[in-house]
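**Q** One structure coming up, written as structure tokens, with questions to follow.
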Amino acid sequence: MRLLESVAEHEHGAPAKQLARETGLALPTAYHLLRTLVHEGYLRRDKGLFFLGEAAERLSSSGAEQKRRSTVVDALAHWRDLIGVPVYYAQYRDGEIEVLCVSDSPGNPAVEEWADFRETGHAHAIGQCLLAQLDDEGRRDHLDRYPVRSITPYTVRDDHSLLRRLERTARMGPVIERQEYALGTVCAAIPITVGNAASTMAISLPAHQADRLVAATQQLQEEIGRLMGSLAISISI
């Protein structure tokens, strides 16, 4: 690991003797380890100089991705505790609704996924918010694959009614859903636009706390606004 760290500090490569000196390794030991690292793809050798290899670059990329994800996880946990609600992060990827992170607590549990979130996007705030960010062709493609169906007495009844609702949704306004996905639960989702990705942060509350929903949603919007600069890259995980 010290050899890898030392090589990483030399953008234009470094010879074995210099790396051995910098890491405090005996030259024969350094040669042996360097040959092993080259063989495994963590280093590459060119004209007597050692550089980071593809395997090391993949490690670096994975570490950066974990750090970005950690930023999102920490933000959701902070908002969960501050607002006192479960917080969700989701994206629309490759034609599918994907809930990427959920932060809840025993006192404020997340909604149980009793019906597949991907197939019931028309019924929950997360799905409606993501679909509202798509163009007409994208929405119709989604509904061709996952047609509207009633899963509670409050669920939107047909594709036409859903499309009308989505068209009326303010571009960056929150989407609120009351017991359309799960009886006894109300939800709100806030659209987030990063590049071309449709994304959303959402919250849920028990129906008997429905009077808190609007204020909690506004608070989440304000918090997202404060952190949006640091989150802009992170939420592209």
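The values are calculated or read from the model by the stated rules, or taken from the named source; none is laboratory data. A quick note: this is a predicted structure, and the numbers were derived from the prediction, not measured. Cβ sites come from the backbone with ideal geometry, for glycine too, and all protein chains shown count toward neighbours. Surface areas here come from the heavy atoms of the whole protein model, side chains and all, with no ligands, DNA or RNA. Shrake-Rupley method; radii C 1.70, N 1.55, O 1.52, S 1.80 Å.
**Q** Of all residues in the stretch 1-49 being loosely packed, with under 12 Cβ neighbours inside 10 Å and among the small types (Gly, Ala, Ser), which is farthest from LEU59 (Cα to Cα)?
**A** ALA26
**Q** What is the one condition in (1) open to solvent by 60 Å² or more (accessible area, probe 1.4 Å); (2) modelled with pLDDT under 95; (3) assigned to a strand (DSSP E or B); (4) aliphatic (A, V, I, L, M) that ILE176 does not satisfy?
**A** For ILE176, the failing item is (2).
**Q** Filter the stretch 189-217 down to the residues that are over 19 Å from ALA77 (Cβ atoms) and at pLDDT 95 or above and list them by number. Step through it out loud before you land on a result.
**A** Going through the stretch 189-217, the residues over 19 Å from ALA77 (Cβ atoms) turn out to be 191, 193-198, 206-215.
The answer is PRO206, ALA207, HIS208, GLN209, ALA210, ASP211, ARG212, LEU213, VAL214, ALA215.
**Q** Please specify each residue of the stretch 141-171 satisfying the condition of being under 24 Å from the mean Cα position of the chain (by Cα) and exposed (fewer than 12 other Cβ atoms within 10 Å of the Cβ).
**A** ARG145, ALA170, ARG171
**Q** List every residue pair whose Cβ atoms lie under 6 Å apart, where the two residues are 6 or more positions apart in sequence or sit on different chains, the first residue falls within the stretch 27-45 and is farther than 10 Å from ALA16 by Cβ, and the second residue, located anywhere, is open to solvent by 80 Å² or more (accessible area, probe 1.4 Å) and in a helix (DSSP H, G or I).
**A** GLY41/GLU54
**Q** Right, another one. If you take the residues of the stretch 1-43 that are at pLDDT 90 or above and basic (Lys, Arg), which of them is nearest to GLY53 (Cα to Cα)?
**A** Filtering the stretch 1-43 for residues that are at pLDDT 90 or above and basic (Lys, Arg), the one nearest to GLY53 (Cα to Cα) comes out as ARG35.
**Q** Let me ask something else. Restricting attention to the stretch 54-81, which residues are within 17 Å of ASP104 (Cα to Cα), open to solvent by 70 Å² or more (accessible area, probe 1.4 Å) and modelled with pLDDT under 85?
**A** Once the filter is applied, which keeps residues that are within 17 Å of ASP104 (Cα to Cα), open to solvent by 70 Å² or more (accessible area, probe 1.4 Å) and modelled with pLDDT under 85, the stretch 54-81 yields only ARG69.
**Q** Just to check your reading of the model, which residue among ILE126, ILE97 is modelled with pLDDT of 95 or more, assigned to a helix (DSSP H, G or I) and either among the β-branched types (Val, Ile, Thr) or closer than 18 Å to MET1 by Cβ (or both)?
**A** Matching residue, one of ILE126, ILE97: ILE126.
**Q** List, please: which pairs have Cβ atoms under 8 Å, are six or more places apart or on different chains, and start with a residue in the stretch 116-129 that is closer than 14 Å to PRO191 by Cα and free of Cβ contacts under 8 Å to residues at least 24 places away in the same chain and end with one that is of a type in the set (S, T, N, Q) and open to solvent by less than 10 Å² (accessible area, probe 1.4 Å)?
**A** Correct list of pairs: empty, since none qualify.
**Q** When the stretch 179-228 is examined, which residues are found to be of a type in the set (D, E, K, R), part of a helix (DSSP H, G or I) and either open to solvent by less than 60 Å² (accessible area, probe 1.4 Å) or more than 12 Å from VAL85 (Cβ to Cβ) (or both)?
**A** Matches in the stretch 179-228: ASP211, GLU222, GLU223, ARG226.
**Q** Among the residues of the stretch 182-209, which ones are hydroxyl-bearing (Ser, Thr, Tyr) and more than 22 Å from the chain's Cα centre (by Cα)?
**A** Restricting attention to the stretch 182-209, the residues satisfying the condition of being hydroxyl-bearing (Ser, Thr, Tyr) are 185, 193, 199-200, 204.
Across the stretch 182-209, the qualifying residue is only THR185.
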